[in-house]
Amino acid sequence: MQLVSALLTAIAIGQASALHRDQAGQMEWLKSLVGIPSHVHFTRSHSSARLALGSVGTANTVSVLHAKNGDIVWRQRFPDNEALLHVNGEFASDGGNAQMYFKLIRFVLLTLSPVLSISFHASNTVNIRTWLSDTGFILDDFAIPMPLDCVSLESRKECAEQTNSIRISKTEAVILLPGGHIVRVDLARKNLLWSSNIGTDSAFYKISITENVVRIVGRNLKSDNLIVESVGLGDGVRVSSGNTPSLDFDDAADCFALSHADKSKSSPVVCNVIDAAESAVAVFFNEKLTWVQAKPFLGANIDNKSLQALALHDNVFILTNGQSASIVRVAVENGAPQLSLVHAFTNIKKSENAVFTAPAGEKRAALIARFSHGKSAGRLEVFDLSTNKVVKPWNVHMDAVMKNNVPTVRVLGITQDGSMALYSQKSTESGTAEMEVKWVRDESLAHVVDTAFVDLPDKNLFSLENDELDEPLKDSEKLDPLSRYIRRVATHLSHAQAALPSLPNAIINRVVQGLKPIKSFNLTEQQQEISLFTDRLGFRKLLILATASGKVHALETEFGRTVWTRYLAKPVALKSLRVLREGAVKFPPVLGLFGEEKNEKKVYSQNLFVRRMNAITGADFVSESLPEATTKWDSYDGDHLIALPVREEKDHLTVYAVVDGKANINLLPSTPESKRAFESIMSTFHFYRLYRGKDTVTGYSCVHDVSRGNYLARKMWTLTVPEGEVIADFAERDRSEPISSVGKVLGNRSVLYKFLNPNLLAMATIRQESETSSSVFLYLVDTVTGSILHRTVYNGAGNAFKGLDSIFLVQVDNSVILSFYNHGPAASDAAETVAEAGEFGGAEGAAKKRRGSKKDSAAKAGQTVPNVKGYEIVVLEVYEMPKPDLRIESDVYSSFNMKKPSVLSQSYIFPMQLTAMGATRTGAGIASREILFGLASSQLYGVNKRLLDPRRPIGAGTAEDREEGLFPYRPVLDFNPFEVASHVLEVAGISKIVSAPTLLESTSIVAAYGLDLFVVRRAPSKTFDVLSEDFGYMWLIGTLAALLVGIQVAKHYAERKRVRDQWK
């Protein structure tokens, strides 16, 4: 019977949204990304030159690109519970690396073959892997047990800064790890040769090797002193340590140790610490501070803000202020560092940005390259340290090694907004070598923080100067309503008359297109201009994406083309993106970008700002009542931005309430009209606060402080979950979504009325019962009163692994969908025992009570609940009453006299690992919902809501169940390949799924993003409101033509018969 029900389910549901072969590429588009690189290396293979990239943080990816065109060769994204810390490419090759950071651009010159990656897993192991750059196959992989705190996103960047590696042979390396750990490993034999901990109260950033001594540069976390530790290369035993005088500097990662011929146990350390009065940089040696004057090397005109020291090769470094630079050599004489000028770069134009870098390695030439670029082209100059001569630029090629005594150089630039470009040499007629851009990739889209769909205006209804009849406003405002109506009808008739000549061709083209299979669209911006108006089906919208780099993108949803981009040049941390105004007649849509600004030390403050932008053009939005595009608040706590059900009168902007850290409620926009609108609803305004990882939910109302003229938040209630529980996820229903029906019609024509409380909050908490078991609790809370309307526990449930989020919540209509990882019967029993032991007199009493409660609950529910290892999906539906045709008797809805609802629930086992969850959305809420899942297998998968119905009967079901369309219950949701929304495409790292309705009730636009960005149209109920692509147009036209011919023939014979009858 289960097999039959499975087949029926597959037939009824599985084919509903299956994708035909010729539809691939028509309804979706994908942007494959690798993330903003934090580590970059050039590599060679037998086929072509390539780039190996590592992106720490949210991207968490190691990848290889084609150097020729920037296409992805392969990439590997680490799971969320494993943090990528470092990528190096010196192993199994004769090359080295060089990296240089300067303002907005990072350049790297490097040669390598395999790629080394260092990552930290939540199981307290450091994983060291080598990857084959051609294919991405793992050559070596071994783990070192080491307890660190590097899994959370907040700690990944700091851990990556404290991770470094140096190759000492083809297969051995010395690796610096966070927490002051330094190890020497043999990659070929997978051996840990030695391990040393050089200090837990210091943060170390750089390592260097001279004279069989490993030197580590860092800073003391207590005293802020710069510290240099030395350990033996052979055994890892500490040789010496030195502390410098305390000095105010931002980051010890900007310090580097130089090598020298002296065999003393100390090395000079150069830091980017600027003495503004003397225009000098700091050099530490033997625990003493020396200031290096910049004037002898750079001249008199020095900009202290641009003064910088850059590590290059062995005992030389570059001193630069952006417009001029010099190579400086450090030698130790009489126990003190002595500096001398090697070479000065000159002729740098003020309009150019200059960057200096150098490759280094055992068999590499000591070359130093200066790359400068202007608006259109760039120049490259190379200095050879071995001969102390400048190599002529026209002899420079695209590489980083000496080949036949000719240096070949390539340059990769990474800008602060998240874009990267590969520069290559271009010879000119004059014989000089200029750099041209070979390709550009914008990787900021791999770090999206928030998104919003914006409806494009109707071409016939949108104008800032004219009205809906395309007439000047000053003329149309003088007309009376009757005249305007007559002119509108006349306009419509003229449009219809103008369309008549092209109507036959349009019908013929439509018929021809219906006969031919539609091929994939492959349009470029040159082939088809981007239209900033909506299409007749509403498929064309704007998808606005705010990124962590401070860049905002506007993409059209039809083909994924870029409409505009906007980079907020001032360093900011964008938090959220809101639509302040939808597009309407005479009013363009307006966006609000909320974020925090950086101070001078590049630390994000608690000052909130909002930037208003025109969603169509990306320009700042200003008006008569809002002359400034940016609004700022001095104090801000959290991300509590609450959209109010009122609009500002003049600009028609949605009013937002911004709650700061002092419990003040600020209005946006803060105009007299906004305040009057807010005060009209202030008596019914309630909001709440909660944070993931905390144990408290707090509800507030609003009071008006008339004396000060501001609004204050007043605490109304506090809900604290039991000890040990923390909030894992929460969800509320989007109040803007339409409700098509207040009840569900059953098979016997009775009605179960939905519980549609707009203040309902679904909240999932997790409690760790032991090292191997945990429990998940689901709460339904009224956010006005703080009442718990429903609470249930799932013993043995939790996250699949430590550090890997597996608990997700979605609330749509009257349904709540929860997913988690079920650790199986053993973990469930252990969790129940721990939870009940105290209440029922020990473990034995708890077990007896548990067995009895299970039997009672099973008898009451009349169903079984799966309890096996795997991902589990629980669906709840909330109704007003447990029996049909009964409702809560009240003329006025109020949370203060609300009764507890009736909750139906059912659980399903899902065979795939989940990374995100979402749901489709339609214009009227009539079409069936589809619950969408992001999978760890880099797929987007959809499950029809009809399969996630808690009323599915166990067994064959009754005639009423079949009349209602309920499928028999099966505890496992089988993986159906037809329901893979991304079909054969790889959508890596899905972390968020959002959707928007179209003008077709059957179709939704879905965007899934994380590392990649994927947009697709979904129709879970099939496109019932449009004709299918295989519709028989020729049969229809042939039938109509036959009817017309038949009518004419019949008319002819009828007329002939009538004439004959009259002659009789």
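The values are calculated or read from the model by the stated rules, or taken from the named source; none is laboratory data. It should be emphasised that the depicted structure is a prediction, and the values quoted were computed from it without experimental measurement. Positions of Cβ are backbone-derived with ideal geometry, glycine not excepted, and every protein chain shown enters the neighbour counts.
Is it the case that some residue within the range 732-742 is out of contact with any Ser or Thr (no Cβ under 9 Å at 6 or more places or on another chain) and in a strand (DSSP E or B)? There is no residue in the range 732-742 that is out of contact with any Ser or Thr (no Cβ under 9 Å at 6 or more places or on another chain) and in a strand (DSSP E or B).
Of the numbered criteria (1) touching a Leu at 6+ places or on another chain (Cβ under 7 Å); (2) at pLDDT below 95; (3) closer than 30 Å to Leu948 by Cβ, the one Glu979 fails is (1). Output yes when any residue across the range 962-971 is out of contact with any Lys or Arg (no Cβ under 8 Å at 6 or more places or on another chain) and farther than 30 Å from Leu904 by Cα, and no when none is. Looking through the range 962-971, none of the residues is out of contact with any Lys or Arg (no Cβ under 8 Å at 6 or more places or on another chain) and farther than 30 Å from Leu904 by Cα.
Listed conditions (1) surrounded by fewer than 19 Cβ atoms within 10 Å (Cβ to Cβ); (2) touching a residue at least 60 places away in the same chain (Cβ under 8 Å); (3) acidic (Asp, Glu); (4) more than 23 Å from Gly747 (Cβ to Cβ) are all met by Asp891, apart from (2).
State which residue is farthest from Glu930 (Cα to Cα) when the search covers only the range 990-1013 and only residues that are under 8 Å from the mean Cα position of the chain (by Cα) and not in a loop (DSSP other than H, G, I, E, B). Across the range 990-1013, the extreme among qualifying residues is Tyr1009. Just give me the residues in the range 133-173 being of a type in the set (Asp, Glu), more than 21 Å from Ser63 (Cα to Cα) and at pLDDT 80 or above, in sequence order. Answer for the range 133-173, where residues must be of a type in the set (Asp, Glu), more than 21 Å from Ser63 (Cα to Cα) and at pLDDT 80 or above: Asp149, Glu158, Glu172. Looking across Asp729, Asp734, one residue alone is among the charged types (D, E, K, R) and surrounded by 20 or more Cβ atoms within 10 Å (Cβ to Cβ). It is Asp729. Within the range 310-319, the residues that satisfy the criterion of being modelled with pLDDT under 75 and either buried (at least 20 other Cβ atoms within 10 Å of the Cβ) or assigned to a helix (DSSP H, G or I) (or both) are Leu310, Ala311, Leu312, His313. Scanning the range 653-678 for residues that are buried (at least 22 other Cβ atoms within 10 Å of the Cβ) and either hydroxyl-bearing (Ser, Thr, Tyr) or without any contact (Cβ under 8 Å) to a residue 24 or more places away in the chain (or both) gives Val655, Ser674. Can you find a residue that is part of a helix (DSSP H, G or I), at pLDDT below 65 and surrounded by 11 or more Cβ atoms within 10 Å (Cβ to Cβ) anywhere in the range 463-483? Checking the range 463-483: at least one residue is part of a helix (DSSP H, G or I), at pLDDT below 65 and surrounded by 11 or more Cβ atoms within 10 Å (Cβ to Cβ).
The single residue among Leu568, Leu577, Leu532, Leu537 that is within 25 Å of Ala657 (Cβ to Cβ) and more than 17 Å from the chain's Cα centre (by Cα) turns out to be Leu568. In the range 144-170, the residues that are touching a residue at least 24 places away in the same chain (Cβ under 8 Å) and closer than 24 Å to Trp194 by Cα reach residues that are assigned to a loop (DSSP other than H, G, I, E, B) and among the β-branched types (Val, Ile, Thr) with C-beta atoms within less than 7 angstrom, at least six apart or across chains, in these pairs: Ala160/Val56. One residue stands out in the range 768-781 among those that are in contact (Cβ under 8 Å) with a residue 60 or more places away in the chain and buried (at least 22 other Cβ atoms within 10 Å of the Cβ): the one that is nearest to Gly824 (Cα to Cα), namely Ser773. Scanning the range 703-713 for residues that are buried (at least 18 other Cβ atoms within 10 Å of the Cβ) and either on the phi > 0 side of the Ramachandran plot or under 34 Å from the mean Cα position of the chain (by Cα) (or both) returns a single hit, Ala713.
Against the condition part of a strand (DSSP E or B), at pLDDT 90 or above, assigned by TED's automatic domain parsing to the domain that holds Phe808 and not acidic (Asp, Glu), how does Lys715 come out, does it pass? The answer is no for Lys715.
Taking the range 787-807, which residues are modelled with pLDDT of 90 or more and in contact with a Phe, Trp or Tyr (Cβ under 8 Å, 6 or more places away or on another chain)? Matches in the range 787-807: Ile788, His790, Arg791, Thr792, Val793, Tyr794, Ala797, Gly798, Asn799, Ser806, Ile807.
Out of all the residues in the range 746-755, which are modelled with pLDDT under 90 and within 22 Å of Arg791 (Cα to Cα)? Residues satisfying the conditions do not exist here.
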